[in-house]
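Novice: Let me begin by handing over the structure; questions about it come next.
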Amino acid sequence: MKTENQKAWFFVLPVLLLVAFNALIPMMTVVNYSVQETFGDNVFFWQGLDWFEQLLRSERFHASLGRQFLFTGIILLIQIPLGVVIALAMPRQGFWVPVCLVLMALPMLIPWNVVGAMWNIFTLPDIGLVGYFLNHTLGITYDMTQNPLAAWITIIVMDVWHWTSLVVLLAYAGLVSIPDAYYQAARIDGASNWSVFRFIQLPKMKQVLTIAILLRFMDSFNIYTEPFVLTGGGPGNSTTLLSIDLVKIALGQFDLGPAAAMSLIYFAITLLVSWLFYTLMTRNDAK
Amino acid sequence: MALELRQITSRIGGITHVKPTNLVLQPGAFNVLLGATGAGKTSLIKVMAGLARATSGQILMNGQDVTKDSPQKRNISLVHQFFVNYPHMTVFDNIASPLRVAGMAKSEIQGRVEAAADVLRLRPMLKRRPHELSGGQQQRTALARAIAKESTAVFLDEPLANLDYKLREELRDQLPDLFAGRGAVVVYATSEPEEALMLGGYTALMDDGAVTQFGATAEIYRHPQNLTSARVFSQPPINAAEVTKQGRRARLANGVQWELSGKAADLRDGAYTVAIRPHHVSPVRMGGDQVELHGKVSVTELSGSESSAHFTLGDGSWVSLAPGVHPYKVGTDHAFYMDPSKCFYFAPDGALVA
């Protein structure tokens, strides 16, 4: 006779607890805040979906969401091709391989707030190396505390410097895993460098590049520390990305309700775009 | 059309991969490169294909010097041990790729690809991609590409090594027919002596970067020019031992001796190396003039209908390969019998003398 018991639940329990404390419970507190209004002293008033409605209609949210997409779009457009180009240019064997790899990995090892502070000082018009050089030697007016365009350029250059290496390392890993036989086949066919890239290297790198784009999308979409330290969202609101705006609302204004609603929308967008992107990239393989 | 190598060498980074090599390879029959892993087969193929620059010497195709020509200009095909196909292209596009690069008309490409696909029974797979194919089908795609291209030389570098036993047998049987009558020089590298014998044609034996013997496959199997060639072209390894010739008798270090006949009897007295193939050493006495050997059996194997036994003789290890199943007991002494008329005798410098 088959014995049945409920023992199996005990085996699921540890994971259940882990996921609960790690994701579900924190998430539910946010959900809790997002549908209520609080005035301190633990007094809550039911708000329903008011915060969500208000937020989705607010121009401030639209503006920071737009800036966020613009930032992420520019980052991906620069970092992915640049990363692939650098990976292609890196040596495949010999003395310079470890040297290149370490040089590439260095920016990623620096703490994020240090990166922000570094670039802040770096670009100061009066004492910063780059700032001084641009303003006083080349005579180009450059001040990211005054000029929104300068602030944007600085943030983007900083992120490119900080994170292109990730794409490089992933693409490089993809490249070195291609057996020599493929290159030989291409030479026998008389394929051009472009064909080798298009028909061998790119398809063979596709999987690592999918990961690279996903990681870079999520990271750049959720970026906070570096631009906060660098520009603090200014000048004005010109570099106030979604996360910076969120913190301003939550901690600056202590509007916990709207901030919680915004967090959930933020999370939903990140999840949705990542899922869409991953599905599109891997759809062809399944066929 | 012939492929000719004149004093070809290849050194890369101070390491000699190919020692001075002279070969004339003809179309119409398989040219097998036989040698152990690291013997220089792939290096030699790379030089012939133009994938590696010859350090010195000349390569002639059809009488024309192609030593400095690119692989593309030499119009060759190469099929690897690994299944190399363009990953995101369909089988059709894969077979068509060299023709497209060459700028051939669409209708002709269509015809050639389909003809090659028919020969290799790939017709139903033309629209698939490599990762949707089995290993055998992937390799057939690579072979179809070589056939559709109508190259002047086709290099097959252990093309069956990564296929399972059944597929390997099947493709090996087909291979000579596939390339017969196409006017291409076909070079086939393998590390298995058995494969060379099955493919027939001509064989070049390779060892340590040098071709030790080249000729009709059956011919060089029967008459190895030197001890190295005999060793390369024997699986299991050929048995060899020091032997002293005195008068009309040959004597091993452990005292076993036998009467010499024919050419061997006329040799000058002295030290030689005797070698005999494992299947001429039997646990059963086959005739009166056989030499009896005693040795302790160390390893036995049963493969199909043959059984092999490794046994110690003097300070050497010998192998016997005999049809049927024999009741060897590992660790005990057994009697083996060798046929002295099947023995090769090599001079101290390795050359065959009788």
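The values are calculated or read from the model by the stated rules, or taken from the named source; none is laboratory data. The shown structure was predicted, so the numbers you read here are calculated from the model rather than taken from an experiment. Glycine gets a Cβ as well: all are built from the backbone with ideal geometry, and neighbour counts include every protein chain shown. For the accessible areas, the whole protein counts, side chains as well, though only heavy atoms, and no ligand, DNA or RNA atoms are used. Shrake-Rupley method; radii C 1.70, N 1.55, O 1.52, S 1.80 Å.
Novice: Any idea which residue in segment A:174-185 is farthest from B:S43 (Cα to Cα), counting only those that are small (G, A, S) and facing chain B (nearest Cβ under 10 Å)?
Specialist: Within segment A:174-185, the match that is farthest from B:S43 (Cα to Cα) is A:A185.
Novice: Here is a follow-up. Is it fair to say B:S298 is more than 15 Å from B:N254 (Cβ to Cβ), surrounded by 12 or more Cβ atoms within 10 Å (Cβ to Cβ) and in contact with a Leu (Cβ under 7 Å, 6 or more places away or on another chain)?
Specialist: Answer is no for this residue.
Novice: Of the residues that make up segment A:209-220, is at least one within 12 Å of chain B (Cβ to nearest Cβ) and not acidic (D, E)?
Specialist: no
Novice: Can you tell me which residue is surrounded by the fewest Cβ atoms within 10 Å (Cβ to Cβ) among those in segment B:318-327 that are outside any loop (DSSP other than H, G, I, E, B) and touching a residue at least 40 places away in the same chain (Cβ under 8 Å)?
Specialist: Out of the qualifying residues, it is B:L321.
Novice: Output the residue which, of all residues in segment B:270-329 that are polar (S, T, N, Q) and under 24 Å from B:F346 (Cβ atoms), is modelled with the lowest pLDDT.
Specialist: Per the criteria, the residue is B:Q290.
Novice: Pick from segment A:28-80 the residues that are basic (K, R) and in contact with a helix residue (DSSP H, G or I) (Cβ under 9 Å, 6 or more places away or on another chain): which of them is surrounded by the most Cβ atoms within 10 Å (Cβ to Cβ)?
Specialist: Checked segment A:28-80; the qualifying residue surrounded by the most Cβ atoms within 10 Å (Cβ to Cβ) is A:R67.
Novice: For residues that are within 19 Å of B:S320 (Cβ to Cβ) and of a type in the set (A, V, I, L, M, F, W, C), tally how many sit in segment B:254-291.
Specialist: Total satisfying the criteria: 9.
Novice: Of all residues in segment A:186-198, count the ones that are in a helix (DSSP H, G or I), under 38 Å from the mean Cα position of the chain (by Cα) and either facing chain B (nearest Cβ under 7 Å) or closer than 13 Å to B:N85 by Cα (or both).
Specialist: Number of matching residues: 2.
Novice: For B:L133, all conditions in the list (1) at pLDDT below 85; (2) more than 22 Å from the chain's Cα centre (by Cα) hold save one; what is the number of the exception?
Specialist: With (1) at pLDDT below 85; (2) more than 22 Å from the chain's Cα centre (by Cα) applied to B:L133, the lone miss is (1).
Novice: Also, quick follow-up: Which is polar (S, T, N, Q) and surrounded by 20 or more Cβ atoms within 10 Å (Cβ to Cβ), of A:S165, A:S177?
Specialist: Among A:S165, A:S177, only A:S165 is polar (S, T, N, Q) and surrounded by 20 or more Cβ atoms within 10 Å (Cβ to Cβ).
Novice: Please work out which residue is nearest to the other protein chains (Cβ to nearest Cβ), limiting yourself to segment B:98-118 and to residues that are under 25 Å from B:Y188 (Cα atoms) and touching a helix residue (DSSP H, G or I) at 6+ places or on another chain (Cβ under 6 Å).
Specialist: Going through the qualifying residues, I end up with B:P98.
Novice: In segment B:304-354, what residues are in contact with a helix residue (DSSP H, G or I) (Cβ under 7 Å, 6 or more places away or on another chain) and within 17 Å of B:A241 (Cα to Cα)?
Specialist: Those that are in contact with a helix residue (DSSP H, G or I) (Cβ under 7 Å, 6 or more places away or on another chain) and within 17 Å of B:A241 (Cα to Cα): B:V319, B:S320, B:M338, B:D339, B:K342, B:F344, B:Y345, B:F346, B:G350, B:A354.
Novice: Looking only at segment A:221-249, how many residues end up being open to solvent by less than 20 Å² (accessible area, probe 1.4 Å) and in a helix (DSSP H, G or I)?
Specialist: Final tally of qualifying residues: 9.
Novice: In segment B:153-167, which residues are open to solvent by less than 50 Å² (accessible area, probe 1.4 Å) and more than 15 Å from the chain's Cα centre (by Cα)?
Specialist: Answer for segment B:153-167, where residues must be open to solvent by less than 50 Å² (accessible area, probe 1.4 Å) and more than 15 Å from the chain's Cα centre (by Cα): B:A153, B:V154, B:L163, B:L167.
Novice: Is it the case that segment B:67-78 has a residue that's away from chain A (no Cβ under 14 Å), open to solvent by 20 Å² or more (accessible area, probe 1.4 Å) and out of contact with any Lys or Arg (no Cβ under 7 Å at 6 or more places or on another chain)?
Specialist: Yes: segment B:67-78 contains one or more residues that are away from chain A (no Cβ under 14 Å), open to solvent by 20 Å² or more (accessible area, probe 1.4 Å) and out of contact with any Lys or Arg (no Cβ under 7 Å at 6 or more places or on another chain).
Novice: Part of a loop (DSSP other than H, G, I, E, B), open to solvent by 10 Å² or more (accessible area, probe 1.4 Å) and in contact (Cβ under 8 Å) with a residue 24 or more places away in the chain: which single residue out of A:T145, A:T141 fits that description?
Specialist: Among A:T145, A:T141, only A:T145 is part of a loop (DSSP other than H, G, I, E, B), open to solvent by 10 Å² or more (accessible area, probe 1.4 Å) and in contact (Cβ under 8 Å) with a residue 24 or more places away in the chain.
Novice: While we're looking at this one, here's another question. Hey, can you tell me all the residues within segment B:229-250 that are within 18 Å of B:V319 (Cβ to Cβ), of a type in the set (V, I, T) and open to solvent by 20 Å² or more (accessible area, probe 1.4 Å)?
Specialist: Passing the criteria: only B:V232.
Novice: While we're here: Name the strands (runs of 3 or more DSSP E) wholly inside segment B:1-66 in which the number of residues that are in contact with a Leu (Cβ under 6 Å, 6 or more places away or on another chain) is 3 or more.
Specialist: B:3-12, B:15-25, B:30-34
Novice: Among the candidates A:Y182, A:Y172, single out the residue that is surrounded by 15 or more Cβ atoms within 10 Å (Cβ to Cβ) and either within 16 Å of B:S97 (Cβ to Cβ) or in contact with a Cys (Cβ under 8 Å, 6 or more places away or on another chain) (or both).
Specialist: Every option except A:Y182 fails the conditions.
Novice: I've got another one for you. With the checklist (1) in contact (Cβ under 8 Å) with a residue 40 or more places away in the chain; (2) within 14 Å of chain A (Cβ to nearest Cβ); (3) open to solvent by 30 Å² or more (accessible area, probe 1.4 Å) in hand, flag the one item B:G28 doesn't pass.
Specialist: For B:G28, the failing item is (2).
Novice: Within segment B:301-317, restricting attention to residues that are within 16 Å of B:V256 (Cα to Cα) and either assigned to a strand (DSSP E or B) or not assigned by TED's automatic domain parsing to the domain that holds B:S261 (or both), which residue is nearest to the chain's Cα centre (by Cα)?
Specialist: Per the stated criteria, the residue is B:S317.
Novice: Could you grab me the full set of residues in segment B:328-349 that are of a type in the set (G, A, S) and crowded, with 16+ Cβ neighbours inside 10 Å?
Specialist: Hit for segment B:328-349 is B:A347, nothing else.
Novice: Among B:N85, B:N94, B:N62, which is the only one that is open to solvent by 20 Å² or more (accessible area, probe 1.4 Å), of a type outside the set (A, V, I, L, M, F, W, C) and touching a residue at least 40 places away in the same chain (Cβ under 8 Å)?
Specialist: B:N62
Novice: Could you grab me the full set of residues in segment B:240-268 that are acidic (D, E) and either in a strand (DSSP E or B) or at pLDDT 90 or above (or both)?
Specialist: B:E242, B:E259
Novice: Go through (1) within 16 Å of the chain's Cα centre (by Cα); (2) open to solvent by less than 30 Å² (accessible area, probe 1.4 Å) for B:H223 and report which single condition fails.
Specialist: Of the numbered conditions (1) within 16 Å of the chain's Cα centre (by Cα); (2) open to solvent by less than 30 Å² (accessible area, probe 1.4 Å), the odd one out for B:H223 is (2).
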